[in-house]
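Novice: Sharing a structure, written as structure tokens. Questions coming.
The values are calculated or read from the model by the stated rules, or taken from the named source; none is laboratory data. For clarity, every value in this text was computed on a predicted model and none was experimentally measured. Reconstructed Cβ throughout: ideal geometry from the backbone, glycine too, with neighbour counts over all protein chains shown. These accessible areas exclude ligands, DNA and RNA; they are computed on the full protein's heavy atoms, side chains included. Shrake-Rupley method; radii C 1.70, N 1.55, O 1.52, S 1.80 Å.
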Amino acid sequence: MTISPIDAELLRNAMSSIVDEMFISLMKSSYSTNIKERKDHSTALFDRNGRVVVQGESMPLHLASMLGLVEIVLEKYGEKNINPGDVFLSNDPYVGKGSHLPDVAMAAPIFFDNQLLLFVCNIAHHADIGGMSPGSMAGGMTEIYQEGLRIPPIRLFKSGKLMEDVMDMILLNVRVPEERRGDYNAQIASNKLGIKRCLDLIEKWGPKNIDEGCDVIIKSVAKRTRKSVSNLPDGTYTFEDIVDDDGLSRKNIVLNVSITVKKDQIKFDFSGTDPQVEGNNNVTMAGLQACCLYCIKVLLDPDCPQNHGMLDPISIIAPEGTIVNAAFPSASAARAQTGQRIVDVIFGALASACPENIIAAGNGANTSAAFFGKSKQGKYYVYLETLGGGAGGRSYKDGSDGIQIHMTNTSNLPIEALESEYPLMIERYEFVKDSGGAGKYRGGLGIRRDYRPIKHDTTFSGQGERFVNKPWGIFGGNYGGTGNFSIIQKNGKKVRISNKPSALKIGPNSVISVVTAGAGGYGNPKNRTKKQIKDDFRSEKFSKAFLLKNYPQSKKIKLEEN
């Protein structure tokens, strides 16, 4: 190798800045609130062999949707049939190694002096990809054919020319095609920017150093990941957690993991996990892989860059046909619900191995709400958002309130952005009192958000988890609160609905109320300080009754109303 470790790090940082600029470009030029406001997208740079060299640290689950994309493109088309100006498009979990259909990935090759050197790639969650329900993520779907348009790795541009018939076919199969076209154009523009910046980088460094540098960057991450794994005590660690239901017939679905650490190698074995389900919260192998990589990163080396090198010390056993490695043609639109629980089960297993780094169970879900209707101006809309909840208590600090956790990491949409674009009014948006589990460090609070359609009927679909099985506490911490969906009728009566409702008609005299789960506490509640308990009460996040019940020492504290 002629490139030094210092040069390799300088090159990696230069590539990271390109990926970050691509991310911002996509965010600022997209049409849908799901991307421009909630940042439900990711960007990455690949080497000529299809390995991820640099990925933006935005949404961990998107690593699954991009990790194998370029490999599949190279395998399908061959390097000789890939040309400058080509753009490849894919979203399918089975033939494109994606994770679910709404996540559409675009990859573009970068040539220098007629030599293929790199690929730029981005992925964005489209608010609709067609299928049986607006938003393409409702409960009740039983096979991937119902979930929307399946796009195998295909050319969208050939030698710089847009394949109009391909774009026409895609837009014909989705709701609100004008918005979808805008988001696709934003993805195209983001990749074009990435290509321009990469060509400048190649001009500066030279193709040989770029090619060699990619290899050094990937190998250094592999070495660093092996080192971090070796810091864990050797042994086998097990844990089990429960997914509420699949939206159809299955309830209390078991996730089981056995993790074996031996020197600098780690094996995740999910053989004890339940079979795949009829509903759409199945995870494919790509999604499972992303969850395992995420856990290794955040628990053992949070500052480690993300690329293909992370796979080096990791092996995963998951029998095909289980909910964590589903077989075709199972539905997987709500795979993030199970993905969040995969993280919980891995954290639970490794709690004794690295107790200082583990957090208690968070809201454990990607609670989604999708609305479809026509405004009084006659314009159709699809509005999709996912809501955060509580983050688990930590070894040194309380869990955060009302945030996205683990595999999703998107933003909660501001009311002003929502109401300015859609005929929906938010009547309540607040933390859920008493939803954080008690502990030395308490769990975070869930969120309540109430939606009313303005002067029209809307169709509501949702996906909820931790609505039945509470987020667990750790090392003596207590459970957090659960979530729910409900309809508030004109007379004020609140009626709870199913955890995964599909295409419910809601009129302007009714309100959809979404409540997300809180999180578990960390450590024995008896060890919480009197000052912290007073602060909990004064913040109005916890009631006097809750504090008296969960903290024996609070009986000796004067809890006064503000």
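Novice: All but one of (1) open to solvent by 30 Å² or more (accessible area, probe 1.4 Å); (2) farther than 23 Å from SER220 by Cβ; (3) modelled with pLDDT of 90 or more; (4) not hydrophobic (A, V, I, L, M, F, W, C) hold for ASN325, so report the exception by its number.
Specialist: (1)
Novice: Which of the residues spanning the range 345-376 are modelled with pLDDT of 95 or more, closer than 23 Å to GLY279 by Cβ and out of contact with any helix residue (DSSP H, G or I) (no Cβ under 8 Å at 6 or more places or on another chain)?
Specialist: VAL345
Novice: In addition: Looking only at the range 495-506, count every residue that is open to solvent by less than 100 Å² (accessible area, probe 1.4 Å) and either of a type outside the set (Ser, Thr, Tyr) or over 26 Å from SER249 (Cα atoms) (or both) and tell me the total. Walk me through it before giving the result.
Specialist: Filtering the range 495-506 for residues open to solvent by less than 100 Å² (accessible area, probe 1.4 Å) gives 495, 497-504, 506.
In the following step, the residues that additionally are either of a type outside the set (Ser, Thr, Tyr) or over 26 Å from SER249 (Cα atoms) (or both) were identified as 495, 497, 499-501, 503-504, 506.
Here the count works out to 8.
Novice: Can I ask one more? Going by the conditions given, is LEU300 open to solvent by 30 Å² or more (accessible area, probe 1.4 Å) and in contact with a Ser or Thr (Cβ under 6 Å, 6 or more places away or on another chain)? Let's see the steps before the verdict.
Specialist: Details: open to solvent by 30 Å² or more (accessible area, probe 1.4 Å): yes; in contact with a Ser or Thr (Cβ under 6 Å, 6 or more places away or on another chain): yes.
So LEU300 passes the test.
Novice: Considering only residues that are among the aliphatic types (A, V, I, L, M) and closer than 17 Å to ASN49 by Cβ, look in the range 207-246 and name the one that is farthest from the chain's Cα centre (by Cα).
Specialist: Step one: filter the range 207-246 for residues among the aliphatic types (A, V, I, L, M), giving 210, 216-218, 221-222, 229, 232, 242-243.
In the following step, the residues that additionally are closer than 17 Å to ASN49 by Cβ were identified as 210, 216-218, 221-222.
Values: ILE210: 31, VAL216: 29, ILE217: 25, ILE218: 24, VAL221: 23, ALA222: 24 Å.
Only one residue tops the list, namely ILE210.
Novice: Please tell me if LYS379 is modelled with pLDDT under 90 and either surrounded by fewer than 16 Cβ atoms within 10 Å (Cβ to Cβ) or within 24 Å of the chain's Cα centre (by Cα) (or both). Don't jump to the end; show me each part of the working.
Specialist: Details: modelled with pLDDT under 90: yes; either surrounded by fewer than 16 Cβ atoms within 10 Å (Cβ to Cβ) or within 24 Å of the chain's Cα centre (by Cα) (or both): yes.
When the stated conditions are applied, LYS379 passes them.
Novice: Let me ask something else about it. Going by what's in this entry, would PHE542 be described as among the aromatic types (Phe, Trp, Tyr), over 30 Å from ILE454 (Cβ atoms) and assigned by TED's automatic domain parsing to the domain that holds MET425? Working first, answer last.
Specialist: Values: among the aromatic types (Phe, Trp, Tyr): yes; over 30 Å from ILE454 (Cβ atoms): yes; assigned by TED's automatic domain parsing to the domain that holds MET425: no.
Taking the combined requirement at face value, the residue does not satisfy it.
Novice: Still on this structure: Quick one: ARG335 ticks every box in (1) modelled with pLDDT under 95; (2) farther than 16 Å from ALA365 by Cα except a single one, so which number is it?
Specialist: Going through (1) modelled with pLDDT under 95; (2) farther than 16 Å from ALA365 by Cα one by one, ARG335 breaks only (2).
Novice: Run CYS291 past the list (1) part of a helix (DSSP H, G or I); (2) open to solvent by less than 10 Å² (accessible area, probe 1.4 Å); (3) over 27 Å from ILE144 (Cβ atoms) and report the number of the one that doesn't hold.
Specialist: (3)
Novice: Quick test for you: out of ASN185, ASN191, pick the one residue that is among the polar types (S, T, N, Q), open to solvent by 40 Å² or more (accessible area, probe 1.4 Å) and in a helix (DSSP H, G or I). Walk me through how you get there before you give the answer.
Specialist: Numbers: ASN191 fails: open to solvent by 40 Å² or more (accessible area, probe 1.4 Å).
Exactly one of ASN185, ASN191 is among the polar types (S, T, N, Q), open to solvent by 40 Å² or more (accessible area, probe 1.4 Å) and in a helix (DSSP H, G or I), namely ASN185.
Novice: Let me ask something else. For PHE112, state whether it is in contact (Cβ under 8 Å) with a residue 40 or more places away in the chain, open to solvent by 10 Å² or more (accessible area, probe 1.4 Å) and in contact with a helix residue (DSSP H, G or I) (Cβ under 6 Å, 6 or more places away or on another chain). Step through it out loud before you land on a result.
Specialist: Values: in contact (Cβ under 8 Å) with a residue 40 or more places away in the chain: yes; open to solvent by 10 Å² or more (accessible area, probe 1.4 Å): yes; in contact with a helix residue (DSSP H, G or I) (Cβ under 6 Å, 6 or more places away or on another chain): yes.
Yes.
Novice: Now for a different question. Among the numbered criteria (1) at pLDDT below 95; (2) buried (at least 19 other Cβ atoms within 10 Å of the Cβ), which single criterion is violated by ARG394?
Specialist: ARG394 satisfies every listed condition except (1).
Novice: Considering each of TYR383, TYR396 in turn, give the residue that is in the same structural domain as LYS470 (by TED's automatic domain parsing) and touching a helix residue (DSSP H, G or I) at 6+ places or on another chain (Cβ under 8 Å). Even if it seems obvious, please write down each step before you answer.
Specialist: Values: TYR396 fails: touching a helix residue (DSSP H, G or I) at 6+ places or on another chain (Cβ under 8 Å).
Step by step, each of TYR383, TYR396 is checked, and only TYR383 is in the same structural domain as LYS470 (by TED's automatic domain parsing) and touching a helix residue (DSSP H, G or I) at 6+ places or on another chain (Cβ under 8 Å).
Novice: Next question, about the same structure. Regarding LYS455, is this residue closer than 20 Å to VAL432 by Cα and either out of contact with any strand residue (DSSP E or B) (no Cβ under 6 Å at 6 or more places or on another chain) or open to solvent by less than 10 Å² (accessible area, probe 1.4 Å) (or both)? Even if it seems obvious, please write down each step before you answer.
Specialist: On the way: closer than 20 Å to VAL432 by Cα: no; either out of contact with any strand residue (DSSP E or B) (no Cβ under 6 Å at 6 or more places or on another chain) or open to solvent by less than 10 Å² (accessible area, probe 1.4 Å) (or both): yes.
No, not satisfied.
Novice: Same structure, new question: Do we find that SER435 is at pLDDT below 95 and polar (S, T, N, Q) in this structure? Step through it out loud before you land on a result.
Specialist: Values: at pLDDT below 95: no; polar (S, T, N, Q): yes.
Considered against the rule, which asks whether it is at pLDDT below 95 and polar (S, T, N, Q), SER435 comes out as no.
Novice: Only one of (1) in a helix (DSSP H, G or I); (2) open to solvent by less than 50 Å² (accessible area, probe 1.4 Å) is not met by LEU149, so which one is it?
Specialist: (1)
Novice: If you don't mind, there's one more thing I want to ask. Can you pull out the residues in the range 492-510 that are under 27 Å from the mean Cα position of the chain (by Cα) and part of a strand (DSSP E or B)? So that I can check it myself, show each step before the final result.
Specialist: Initially, the range 492-510 is screened for residues under 27 Å from the mean Cα position of the chain (by Cα), giving 496-504.
Passing the criteria: ARG496, LEU504.
Novice: Of the residues that sit in the range 297-320 and are aliphatic (A, V, I, L, M) and not in a loop (DSSP other than H, G, I, E, B), which one is farthest from ILE218 (Cα to Cα)?
Specialist: At the first step, the residues of the range 297-320 found to be aliphatic (A, V, I, L, M) are 298-300, 310-311, 314, 316-318.
If we keep only those that are not in a loop (DSSP other than H, G, I, E, B) too, we end up with 298-300, 310-311, 314, 316-317.
Working: VAL298: 18, LEU299: 20, LEU300: 18, MET310: 8, LEU311: 10, ILE314: 15, ILE316: 20, ILE317: 24 Å.
Looking at residues that are aliphatic (A, V, I, L, M) and not in a loop (DSSP other than H, G, I, E, B), I get ILE317.
Novice: How about the range 237-272: which of its residues are in contact (Cβ under 8 Å) with a residue 40 or more places away in the chain, assigned to a loop (DSSP other than H, G, I, E, B) and within 26 Å of THR225 (Cα to Cα)?
Specialist: ASP264, PHE270, SER271, listed by residue number.
Novice: Here is a further query. Being in a strand (DSSP E or B) and basic (Lys, Arg) is the filter; apply it to the range 152-182 and report the residue that is surrounded by the most Cβ atoms within 10 Å (Cβ to Cβ). Quick ask: steps written out before the conclusion?
Specialist: First, the residues of the range 152-182 that are in a strand (DSSP E or B): 154-158, 161-162.
Checking which are basic (Lys, Arg) leaves us with 155, 158, 161.
Details: ARG155: 19, LYS158: 13, LYS161: 10.
Among those that are in a strand (DSSP E or B) and basic (Lys, Arg), it is ARG155.
Novice: Just one of (1) outside any helix (DSSP H, G or I); (2) over 26 Å from GLY68 (Cα atoms); (3) over 26 Å from the mean Cα position of the chain (by Cα); (4) not small (Gly, Ala, Ser) trips up LYS204, so point out which.
Specialist: Tallying (1) outside any helix (DSSP H, G or I); (2) over 26 Å from GLY68 (Cα atoms); (3) over 26 Å from the mean Cα position of the chain (by Cα); (4) not small (Gly, Ala, Ser), LYS204 fails exactly one: (1).
Novice: Also: Which residue out of PHE546, PHE475, PHE467 is at positive phi, among the aromatic types (Phe, Trp, Tyr) and surrounded by fewer than 22 Cβ atoms within 10 Å (Cβ to Cβ)?
Specialist: On the way: PHE546 fails: at positive phi; PHE467 fails: at positive phi.
Within the list PHE546, PHE475, PHE467, the selection yields PHE475.
Novice: Answer yes or no as to whether ALA369 is closer than 26 Å to SER486 by Cα and either open to solvent by 10 Å² or more (accessible area, probe 1.4 Å) or not in a strand (DSSP E or B) (or both).
Specialist: Working: closer than 26 Å to SER486 by Cα: yes; either open to solvent by 10 Å² or more (accessible area, probe 1.4 Å) or not in a strand (DSSP E or B) (or both): no.
No; evaluated as a whole, the condition is false for this residue.
Novice: Would you call PHE467 over 17 Å from GLY388 (Cα atoms), at pLDDT 90 or above and aromatic (Phe, Trp, Tyr)? So that I can check it myself, show each step before the final result.
Specialist: Working: over 17 Å from GLY388 (Cα atoms): no; at pLDDT 90 or above: yes; aromatic (Phe, Trp, Tyr): yes.
So PHE467 does not fit the description; no.
Novice: Another question, if that's okay. Do you know which residues across the range 508-538 are of a type in the set (Asp, Glu) and either at pLDDT 95 or above or open to solvent by 50 Å² or more (accessible area, probe 1.4 Å) (or both)?
Specialist: Our first condition is that a residue be of a type in the set (Asp, Glu); within the range 508-538, this holds for 535-536.
The answer is ASP535, and nothing else.
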